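**Student:** There's a structure below that I have some questions on.
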Amino acid sequence: MKVLEGGWPPEAKFEPTFRGEEYYDLAHFEKELEKVWFKTWLCAGREEEIPNKGDYFTVKIGNENLICIRAINGSVSTFYNVCQHRGAVLCEEEKGNFKNGFMTCFYHSWTYSSNNGDLLGTPNIPDKDSSFRKCDHSLHTVKTETWDGYIWINMDPDAPSLKESFKLPESWALYQNYQMNELKLGAETTYHVKANWKLLMENASECYHCGNIHPGLGNATPPNQPRVWIDPSIPGTKVIKHVGGMALRDGFDRVNLDGKAYRSNFEGISEDDQRKIYYLHIYPHAYICMASDYVFITTMWPIKPDETLVKAYWLFDPMVLASESPSIQDAIDVWDITSKEDWRAAELAQIGNQSRMYKKGGVYTPIDWRVANFKKYVYSELEN
């Protein structure tokens with residue numbers, strides 16, 4: 001029998017999963033938000049989503065809502081989506097533009113700067129009124145940095161920098177060849193999944209299921225072949241997990257459903273890597289899939305204990321997208337189909353884990369060793 005991915009590390013073993021209630025209990029979910037999600041760097045999106053001054057998109061995590069905006073000075077800023085007058089949300093839409101980069105509340109027209117969140121305008125409050133100071137009512141900011149074309153946010157004001165947290169640029173060395181900062185969005189979509197966020201990340205952490213539920217992807221990159229491991233000299237971190245690469249099936253030239261090449265390979269990709277797709281996980285919520293001619297990203301956002309919002313992005317060479325009829329549908333199809341297969345599996349698990357017979361949870365097998373490591377990460381954060 002061929003072993004999936006060529007095996008697992010010697011320390012892998014049978015061990016318990018999360019308990020059933022940890023996938024649906026509201027109190028536990030809120031603790032995860034406070035201890036995990038509000039304390040780490042998250043991939044909010046791509047810089048090219050907000051190219052112009054005043055362009056914004058929103059990010060929802062539980063009951064929190066954030067605005068990522070292209071500021072007046074050209075930088076990217078992030079703020080809590082809450083006016084400091086009466087608490088109304090500033091942005092109702094998921095995407096939009098604030099004219100000239102000034103964020104104005106629809107309710108009473110309080111206006112804020114997108115550079116730093118300073119309160120600039122307060123209609124019907126005299127400027128000479130000494131009992132009110134605008135500087136005391138600025139928007140609450142969120143730490144924001146950019147790296148390789150991605151926007152990263154952290155809701156912990158005391159968090160270390162992205163460079164320190166990710167051990168940049170060393171941890172990213174392998175992926176620099178893909179020049180993701182030069183790629184552009186060819187497509188994006190949003191999925192609403194009726195499952196706990198952990199189930200989605202657990203699913204992404206193993207390929208035990210790939211032969212069963214992913215016939216299309218499995219045909220392109222057979223799961224029973226050895227994984228291409230990452231050079232151990234490239235550091236990982238608590239949240240950066242180098243998953244390795246998978247090789248194309250003989251007769252396939254691209255990671256898609258039919259194996260045909262619809263685009264040129266990226267410049268700078270070695271001949272050997274042209275026949276592989278590499279995977280990178282970023283705890284707690286993202287993974288990046290790097291093929292030779294496109295990059296696919298998925299980010300997961302917890303809304304409720306049993307509901308997760310998933311954002312998916314497909315990146316391509318700008319020259320490909322500049323053509324009148326860009327040939328990109330093959331990349332979209334393989335990951336849209338694969339993602340929907342994953343979401344169905346997660347939703348079935350969500351239903352099952354609420355049974356009395358799953359109160360203590362299930363079992364991770366040795367091939368689930370990455371899933372077990374993800375559980376250890378979540379538990380370690382909850383203990384802090």
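The values are calculated or read from the model by the stated rules, or taken from the named source; none is laboratory data. The structure presented is a predicted model; accordingly, all values stated were derived computationally and were not measured. Positions of Cβ are generated from backbone atoms using ideal geometry, with glycine treated the same way; all protein chains shown enter the neighbour counts. To get the accessible areas, we keep the full protein, side chains included, count just its heavy atoms, and leave off ligands, DNA and RNA. Shrake-Rupley method; radii C 1.70, N 1.55, O 1.52, S 1.80 Å.
**Student:** Please state the charge dipole magnitude for the stretch 227-295, taken about the Cα centre, from unit charges on C-beta atoms (+1 on K and R, -1 on D and E), reported in debye and rounded to the nearest 20.
**Tutor:** On the way: 9 positive and 9 negative charges, 69 e Å.
That gives the stretch 227-295 a dipole magnitude of about 320 debye.
**Student:** Out of LYS53, LYS311, LYS13, any idea which swings most in a Gaussian network model of the chain, alpha carbons joined below 10 Å?
**Tutor:** The residue that fluctuates most here is LYS13.
**Student:** Under 14 Å from the Cβ of GLY96, count the other residues' Cβ atoms, weight Lys and Arg +1, Asp and Glu -1, and hand me the total.
**Tutor:** -1
**Student:** Looking at TYR278, SER380, PRO9, which one has the Cα that reaches farthest to the positive end of the dipole of the chain (charges on Cβ: Lys, Arg +1; Asp, Glu -1)?
**Tutor:** In the chain, that residue is SER380.
**Student:** Next question. Go through MET201, TYR191, PRO302 and say which Cα lies farthest out towards the positive end of the charge dipole of the stretch 162-320; charges sit on Cβ, +1 for Lys and Arg, -1 for Asp and Glu.
**Tutor:** Most positive-ward Cα: PRO302.
**Student:** Restricting attention to the chain, give the cysteines that have no other cysteine Cβ less than 4.7 angstrom from their Cβ.
**Tutor:** CYS43, CYS68, CYS91, CYS135, CYS289
**Student:** Can you pull a Stokes-Einstein diffusion coefficient for the chain at 20 °C (1.002 mPa s), Rh from Kirkwood over Cα pairs, as a whole number of µm²/s? Intermediate results must be reported in sequence, preceding the final value.
**Tutor:** Numbers: Rh = 22.3 Å.
Rounded to a whole number, D works out at 96 µm²/s.
**Student:** Calculate one ³J(HN,Hα) per residue across the stretch 104-119 by plugging θ = phi - 60° into the Karplus curve 6.51 cos²θ - 1.76 cosθ + 1.60, and present them in order as whole Hz with x for glycine and proline.
**Tutor:** Those phi angles translate into 10, 6, 5, 6, 10, 6, 5, 10, 10, 7, 7, 6, 9, x, 4, 6 Hz.
**Student:** Where does the chain land at 222 nm, in deg cm²/dmol rounded to the nearest 500, when only DSSP H runs of n ≥ 4 count, each adding -39500 (n - 2.57), divided by all residues?
**Tutor:** Details: 8 runs with 77 residues, N = 384.
Computed ellipticity for the chain at 222 nm equals -6000 deg cm²/dmol.
**Student:** Separate question: Once the other residues with Cβ under 15 Å from the Cβ of GLN84 are scored (Lys, Arg +1; Asp, Glu -1), what is the net sum? Please report the intermediate quantities before stating the final value.
**Tutor:** Numbers: positive: ARG86, ARG133, LYS134; negative: ASP118, ASP136.
Combined, the nearby Lys, Arg, Asp and Glu give +1.
**Student:** Continuing with the same structure: Set the Förster radius R0 to 25 Å, insert the Cβ-Cβ distance between ILE351 and ASN373 as r into 1/(1 + (r/R0)^6), and round the FRET efficiency to 0.05. If you can, show how the numbers build up before the last one.
**Tutor:** Values: r = 26 Å, r/R0 = 1.03.
That gives a FRET efficiency of 0.45.
**Student:** First compute the accessible area of the stretch 97-196 with a 1.4 Å probe, then give the percent of it belonging to carbon and sulfur atoms.
**Tutor:** Numbers: 2580 of 5360 Å².
Here it works out to 48 percent.
**Student:** On to the next question. Treating the beta-carbon of each Lys and Arg as +1 and of each Asp and Glu as -1, no other charges, what is the dipole magnitude of the chain about its Cα centre, to the nearest 20 debye?
**Tutor:** Values: 41 positive and 53 negative charges, 152 e Å.
Once rounded to the nearest 20, the dipole reads 720 debye.
**Student:** Taking the Cα atoms of the stretch 160-295, report the difference between the largest and smallest coordinate on each principal axis, in whole Å and largest first.
**Tutor:** Principal axes ranked by extent give 46, 39, 31 Å for the Cα atoms.
**Student:** Let me ask something else about it. Using a 1.4 Å probe over the heavy atoms of the protein chains, calculate the carbon and sulfur portion of the accessible area of the stretch 249-384 as a whole percent. Before the final figure, lay out each step's value.
**Tutor:** On the way: 3080 of 5970 Å².
C and S atoms contribute 52 percent here.
**Student:** Another one. Using a Gaussian network for the chain with springs between C-alpha atoms less than 10 Å apart, which of these wobbles most: ASP368, ASP273, ASP250?
**Tutor:** Most flexible of the set in this elastic network: ASP250.
**Student:** Greater than 30 Å separation of Cα atoms is the criterion. Which listed pairs, LYS143/LYS241; LYS53/LYS163; LYS60/LYS184, meet it? If you can, show how the numbers build up before the last one.
**Tutor:** Numbers: LYS143/LYS241 22 Å; LYS53/LYS163 26 Å; LYS60/LYS184 23 Å.
Violating the 30 Å limit, Cα to Cα: no pairs.
**Student:** Between LYS35 and ASN97, what is the FRET efficiency for a Förster distance of 30 Å, r being their Cβ-Cβ separation, to the nearest 0.05?
**Tutor:** Numbers: r = 35 Å, r/R0 = 1.17.
Efficiency, rounded to the nearest 0.05: 0.30.
**Student:** Taking the chain as a Gaussian network, Cα atoms linked when under 10 Å apart, which of ASP317, ASP127, ASP330 shows the biggest mean-square fluctuation?
**Tutor:** In the Gaussian network model the winner is ASP127.
**Student:** Could you order the peptides 360-367, 226-233 from most to least packed, using the average number of other C-beta atoms within 10 Å per residue?
**Tutor:** Working: 360-367: 15.5, 226-233: 12.8.
Listed from highest to lowest mean packing, they are 360-367, 226-233.
**Student:** Can you compute 3J(HN,Hα) from phi for each residue in the stretch 163-176, using the Karplus curve 6.51 cos²θ - 1.76 cosθ + 1.60 with θ = phi - 60°, rounded to whole Hz and x for Gly and Pro?
**Tutor:** 4, 5, 5, 9, 6, 7, x, 4, 5, 9, 4, 4, 8, 4
**Student:** Starting from 0.36 nm per residue, how many nanometres of slack lie between LYS13 and GLU182 once their C-alpha separation is accounted for? Intermediate results must be reported in sequence, preceding the final value.
**Tutor:** On the way: separation 169, 0.36 × 169 = 60.84 nm, distance 4.16 nm.
Net length gain for the segment: 56.7 nm.
**Student:** Moving on to the next point. Could you bin all the Cα-Cα distances of the stretch 310-384 into 10 Å bins starting at 0 and give me the percent of pairs in each, rounded to whole numbers?
**Tutor:** The distribution over the stretch 310-384 is 14, 26, 30, 17, 11, 2, given as percents.
**Student:** Note down the nm distance, to one decimal, between modelled labels 7 Å out along Cα→Cβ at ASN52 and at HIS28.
**Tutor:** 4.7 nm
**Student:** Among the lysines, which have Cα under 20 Å from the Cα of LYS260 when same-chain residues fewer than 8 positions away are ignored?
**Tutor:** Straight-line reach from LYS260, under 20 Å: LYS276.
**Student:** At a Cα cut-off below 18 Å, give the aspartates and glutamates reachable from LYS35, other chains included and same-chain residues fewer than 8 away excluded.
**Tutor:** Those aspartates and glutamates meeting the cut-off are GLU21, GLU22, ASP25, GLU64, ASP156, ASP158, GLU381, GLU383.
**Student:** Give a quick list of GluC sites (Glu not before Pro) in the stretch 299-356 that DSSP marks as loop, anything other than H, G, I, E or B, with at most 14 other Cβ atoms within 10 Å.
**Tutor:** GLU324
**Student:** For a protection proxy built on the mean count of beta-carbon atoms within 10 angstrom, sort 238-244, 55-61 highest first, please. Please list the in-between numbers first.
**Tutor:** Values: 238-244: 18.6, 55-61: 20.4.
Packing proxy ranking, top to bottom: 55-61, 238-244.
**Student:** Per residue, how large is the accessible surface of the chain? Use a 1.4 angstrom probe and give square angstrom.
**Tutor:** Here the residues of the chain average 46 Å² of exposed surface.
**Student:** Next up: Cβ neighbours within 10 Å, averaged per peptide: list 183-189, 108-114, 294-300 in order, most packed at the top.
**Tutor:** Working: 183-189: 17.7, 108-114: 19.7, 294-300: 23.6.
Taking the mean over residues of other Cβ atoms within 10 Å, the ranking is 294-300, 108-114, 183-189.
**Student:** By how many nm would the segment from SER109 to TYR358 grow when fully extended, if each residue of separation counts as 0.36 nm and the alpha-carbon distance is taken off? Let's see the in-between values first.
**Tutor:** Numbers: separation 249, 0.36 × 249 = 89.64 nm, distance 5.15 nm.
Here the answer is 84.5 nm.
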